[in-house]
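Here is the structure we will look at.
The values are calculated or read from the model by the stated rules, or taken from the named source; none is laboratory data. Since this is a predicted model, take the numbers as computed values, not measurements. Neighbour counts are summed over all protein chains in view; Cβ atoms, including those assigned to glycine, are modelled from backbone coordinates with ideal geometry.
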Amino acid sequence: MAGMMKHLASLGLAMATVAAVGCGGSQKSSSAGAATPSCASAAANAGAQLRAVAAASGEAGAAEEAEQAAPLLEKVLAERCAADGWSAELIDCIATADEASMESCKAKMTDAQLEAIGAQMAREGGAPDAAPAPPPPPDDPCGGGE
């Protein structure tokens with residue numbers, strides 16, 4: 001599960017483990033009268049898929065870690081979606097994705113979108129599995145001289 005959380009911080013898990021059958025050839029969501037999913041509904045589905053993948057993995061502690069990570073993932077995706085102006089196609093893809101098809105949604109994202117998500121996840125959630133930064137060097141009483 002530690003690898004799963006590291007992947008999440010870089011968005012890899014967030015998008016790679018969840019994917020949508022609805023992203024493929026279905027035109028149902030774009031038909032007349034159908035409501036367009038919101039950034040919030042897309043983010044909520046990504047969180048739900050993260051939880052489902054973790055629960056199905058059978059890894060000890062995976063479900064608990066996903067339960068802790070999912071709210072941050074949902075927050076970051078909703079914020080990035082709104083701030084970065086994600087396309088209706090991408091929002092619909094993520095909102096209707098299941099674990100088998102989320103990769104196709106990731107493929108619809110630009111590098112800039114992926115980087116923004118990864119940066120915000122790392123900033124707000126810390127980088128899982130990252131070694132702590134080394135302490136600063138002690139003051140040199142000689143100022144570098146002898």
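Just need a number here: residues in region 35-44 that are surrounded by fewer than 19 Cβ atoms within 10 Å (Cβ to Cβ), not in a helix (DSSP H, G or I) and not β-branched (Val, Ile, Thr).
2
Just wondering, is there one or more residues in region 57-77 that are of a type in the set (D, E, K, R) and modelled with pLDDT of 95 or more?
yes
Give the residue that is farthest from GLU74 (Cα to Cα), with candidates limited to residues of region 105-131 that are at pLDDT below 90, touching a helix residue (DSSP H, G or I) at 6+ places or on another chain (Cβ under 7 Å) and surrounded by fewer than 17 Cβ atoms within 10 Å (Cβ to Cβ).
My answer is ASP129.
How many residues, within region 60-95, are free of Cβ contacts under 8 Å to residues at least 12 places away in the same chain and touching a helix residue (DSSP H, G or I) at 6+ places or on another chain (Cβ under 6 Å)?
The number of residues fulfilling the criteria is 0.
For region 84-104, state whether one or more residues are farther than 19 Å from THR36 by Cα and buried (at least 21 other Cβ atoms within 10 Å of the Cβ).
no
Is it the case that some residue within region 86-100 is at pLDDT 95 or above, hydroxyl-bearing (Ser, Thr, Tyr) and closer than 19 Å to ALA48 by Cβ?
Looking for residues that are at pLDDT 95 or above, hydroxyl-bearing (Ser, Thr, Tyr) and closer than 19 Å to ALA48 by Cβ, one finds at least one in region 86-100, hence yes.
Among the residues of region 48-59, are any surrounded by 14 or more Cβ atoms within 10 Å (Cβ to Cβ), in contact (Cβ under 8 Å) with a residue 60 or more places away in the chain and either hydroxyl-bearing (Ser, Thr, Tyr) or over 16 Å from GLY118 (Cβ atoms) (or both)?
no
For ALA62, state whether it is more than 14 Å from the chain's Cα centre (by Cα), over 14 Å from ASN45 (Cβ atoms) and buried (at least 18 other Cβ atoms within 10 Å of the Cβ).
In short, yes.
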